[in-house]
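Read-outs throughout are calculated quantities, based only on the coordinates presented, and are distinct from any laboratory measurement. Since we're looking at a predicted model, the values are computed, not measured. Counting neighbours? That spans all protein chains shown, and the Cβs are built from the backbone with ideal geometry, glycine included.
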């Protein structure tokens, strides 16, 4: 696993967000290349109480006692991503957990699943493609985002 590049003062440098064709995304969805994120968003520094919790049995995503997302119908790719994050203890980044196959555009499928993960009842978490189409990241949002 590739760790984020660090900057003096404890922040890390965020990779630019790319769409499924490798183009930088617009400012609304993407990030500025080289932007320093707050240290609290680095995986090892987020207290357990601030990490999401995916309950596979009830198909709900929680942050503390706040319901973030509930799946009423099957969403295999989204649920596979959440299963991987939960299994690994919610690290900052995971490799693409979606199975490959013939005639499948993996980066596009991953991008679509991440976009749908961001359709939330209470928007407190942002999921991002890693800019290479090979992994997923997450970050906490402030209440005002």
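Extension gain, residue 122 to residue 83: 0.36 nm times the residue separation minus the Cα-Cα distance gives 12.1 nm. Neighbour counts of other Cβ atoms within 10 Å put 121, 51 in the fewest-to-most order 121, 51.
Note on residue 134 and residue 75: with the Förster distance fixed at 22 Å, the Cβ-Cβ geometry gives a FRET efficiency of about 0.55.
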